[in-house]
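Read the figures in this text as sums done on the coordinates, not as results from a lab. Bear in mind the structure is a predicted one, so any value in this text is a computation, not a measurement. Cβ sites come from the backbone with ideal geometry, for glycine too, and all protein chains shown count toward neighbours.
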Amino acid sequence: MSSDSKDTVIAILKSNCTVVESLGNALKPYEISLQQFNVLRILRGQKGIPANLSTVQKRMINKMSNTTRIIDKLIEKNYVNRITCKKNRRKIELFITKEGLNILKSVDRIIDKTESQITQNLSTKERRDLILLLNQINL
């Protein structure tokens, strides 16, 4: 690996840590993790249409997350409902609850503010360029 490649990867890893830590700290008062927040946003995006576990897993930012455990914690907090299909007991449908939507309303403003703070040193063009460059890595 060339020195440029190594420096690039290290910079990406450090940036990831900064972003994850900042967002995690913003979510801490609401007692939800970044992964739980991600699941809630996925379910809200379903607009009332049920999601199954594989749909949520495919859309997760962190594919290594234990999605079942995350969903169980959200059910305990009454942010998600899990309904087992009566005809096919293996089929499970997931819905965001009213409480889940309400917590997202509160958290959205804080996350938007935190994301703005994280990227405040970048111009609009730099942000767009960075998205394009990072998406090339994520192909």
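With point charges of +1 on the Cβ of Lys and Arg and -1 on the Cβ of Asp and Glu, referenced to the Cα centre of the chain, which listed residue (N52, I42, N88) lies farthest in the positive direction of the dipole?
The residue sitting farthest along the positive end of the dipole is N88.
Based on DSSP H runs of at least 4 residues, each adding -39500 (n - 2.57), what is the mean residue ellipticity at 222 nm of the chain after dividing by all its residues, to the nearest 500 deg cm²/dmol?
The helix contribution divided over the chain gives -21000 deg cm²/dmol.
Neighbouring Cβ atoms within 10 Å as the yardstick, rank K6, K47, K91, K77 fewest first.
Fewest-to-most Cβ neighbours within 10 Å comes out as K47, K6, K91, K77.
What number does the chain give for Rg over Rh if you use C-alpha atoms and the Kirkwood radius?
With Rh from the inverse mean 1/r over Cα pairs, Rg/Rh is 1.04.
Among all the lysines, which ones have a C-alpha under 18 Å from K77's C-alpha, if same-chain residues fewer than 8 places away are not counted?
Partners found: K28, K98, K105.
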